[in-house]
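All of the numbers you see were taken from the coordinates with simple rules; none came from a lab. These numbers were taken from a predicted model, which means no experiment stands behind them. Cβ placement follows ideal geometry from the backbone for every residue including glycine, while neighbour counts extend to all protein chains displayed.
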Amino acid sequence: MKKLIVALLPKRLVPFVKKIKYRFDEYFIRIFAFSGISSSLYYAFISRQFDREHKSVLAGRIEYKHSLANIGISSVLLRRNIHRLEKGLIMQPRRDIFAEAYILETAKNYRESSLQGGLCEDEHKWANDVLTDYFSIVGESKITLKAKAIFEQVLPLPAQDKRFVPYSHESLPQTDISYEQLLTLFKRRRSVRWYQNKPIENGKLHRAIEAASLAPSACNRQPFRFYVANNPDKATEIATCAMGTVGFAENLQCVIAVVGDLSAYPFERDRHIIYIDASLASMQFMLACETMGLSTCPINWPDVEVRERMLEKKLGLEAYERTVILIAVGYGASDGGVPFSQKKGNDILMKEV
């Protein structure tokens, strides 16, 4: 409708109308920003900028419920609760009885996952090993005993030397990387927009995504996927969906869309976690690429409905999936320019409390 109105207006009037609209909007937001209720009224009747987010969150909640009965290669509920059990196992001091609020649903989900048989082997083993340790140390109560009986209905996995359970801090891999070396890697990682006409090996992308998977994630749900367009034509097609790629989209060799999955959450309160977790993973992905000679450029993805629809169609996204960021990947052209991008200092970024 807006496009139609703009198209019907004489071109000389368009800037004037936009200016008037902007001033009216400035006036309205001062009125409606008074409270949460009035702000909601503003976005219900005056601005529709949050429509997609509202729909995506609700669609995610529906899909979450669906995933409890139809478990695929990964179970969101199981991943979250097994991680919670691990935190209980490492608590100092550890309580005799803990996790009563969610151990029954965990045991039931584990049983259902095992019966359906589609759960990823490593996820299955992780859940089995942690639950085994939990039931071996937790105190007896009506709830824990019932949950243990459900767990024991599942055939035990074959014993293995390596177990997926909590371990001591001193067992972490040792590293000799210094701060100066790490800082050099950070300085090396710049947003590169000009690339050689050279294919990117899938093996390197796999390794970078593997490194990205080690990024922290709230309750280990990892609510994101990497949609990889490792083809110049497809990369350009994806990149042009974003704003700010005019002039360099045509030379991109590979573009990855990092997409958040809102079906990982049953409540609205967690709707922002996809952006946090996907951003942490994206940074590790880009740094990993740099160690293998690949340059990257994160491409901003603002919430613009027409562009959301464009990319949604190209990637085949569900209503509960939200694009978080696009990342260009390739071998940087030696003569390609890199913006200086002066960074803020500690005096601006750091505030003691």
**Request:** Among the GluC sites (Glu not before Pro) in the stretch 91-194, which ones are in a DSSP loop with at most 11 other Cβ atoms within 10 Å of the Cβ? Mind listing them?
**Result:** 140
**Item:** Proxy reagent accessibility, fewest Cβ within 10 Å first, across 233, 303, 161, 129
**Value:** 161, 233, 303, 129
**Item:** In order through the stretch 221-236: 3J(HN,Hα) via Karplus (6.51 cos²θ - 1.76 cosθ + 1.60), integer Hz, x for Gly, Pro
**Value:** 7, 6, x, 7, 9, 9, 8, 9, 10, 9, 7, x, 5, 5, 4, 5
**Fill in**
The pairs in 187/343; 108/162; 204/313; 65/108; 65/148; 108/142 lying past 18 Å Cα-Cα in this model are 108/162; 204/313; 65/148
**Asked** For the chain, with only Lys/Arg (+1) and Asp/Glu (-1) charged at the beta-carbon, what is the dipole magnitude about the Cα centre, in debye rounded to 20?
**Response** 1540
**Prompt:** How much length, in nm to one decimal, is gained on full extension between residue 334 and residue 49, taken as 0.36 nm per residue of separation minus their Cα-Cα distance?
**Reply:** 98.5 nm
**Complete:** Neighbours of residue 157 by Cβ distance under 9 Å: Lys/Arg at +1, Asp/Glu at -1, summed charge 0
**Prompt:** Where does helix 305-315 land angle-wise versus the long Cα axis of the chain, in degrees 0 to 90, nearest 10?
**Reply:** 50
**Item:** Table column - 3J(HN,Hα) (Hz), the stretch 344-351, Karplus curve with 6.51, -1.76, 1.60, x for Gly and Pro
**Value:** 5, x, 4, 5, 9, 7, 9, 9
**Asked** What's log10 of I(q)/I(0) for the chain at q = 0.07, 0.08, 0.13, 0.15 Å⁻¹, Debye sum over Cα points only, no solvent?
**Response** -0.43, -0.56, -1.22, -1.36
**Complete:** Taking only Cα atoms of the stretch 57-151, the Rg to Rh ratio with Kirkwood Rh works out at 0.99
**Long-range HN-HN contacts of residue 299 with modeled amide H, under 5 Å** = 326, 327, 328
**Asked** Which ³J(HN,Hα) values in Hz, rounded to whole numbers, follow from the phi angles of the stretch 100-112 under the Karplus curve 6.51 cos²θ - 1.76 cosθ + 1.60, where θ = phi - 60° and Gly and Pro get x?
**Response** 4, 5, 9, 5, 5, 5, 5, 4, 5, 5, 5, 4, 5
**Request:** Would you grab the residues whose amide H sits under 5 Å from the one on residue 323? Only those 5+ places off in sequence or on another chain, please, with H modelled 1.01 Å from N.
**Result:** 260
**Fill in**
Taking alpha-carbon centroids only, the stretch 45-76 lies from the stretch 278-329 a number of Å equal to 19
**Request:** Determine the gain in length on full extension of the stretch residue 175-residue 141; use 0.36 nm per residue of separation and subtract their C-alpha separation, reporting nm with one decimal.
**Result:** 7.9 nm
**Asked** Quick one: which of 80-91, 182-193 comes out on top by average Cβ neighbours within 10 Å, and what's the full order, highest first?
**Response** 80-91, 182-193
**Item:** Estimated 222 nm signal from helices in the chain, with DSSP H stretches of n ≥ 4 weighted -39500 (n - 2.57), rounded to 500
**Value:** -15500 deg cm²/dmol
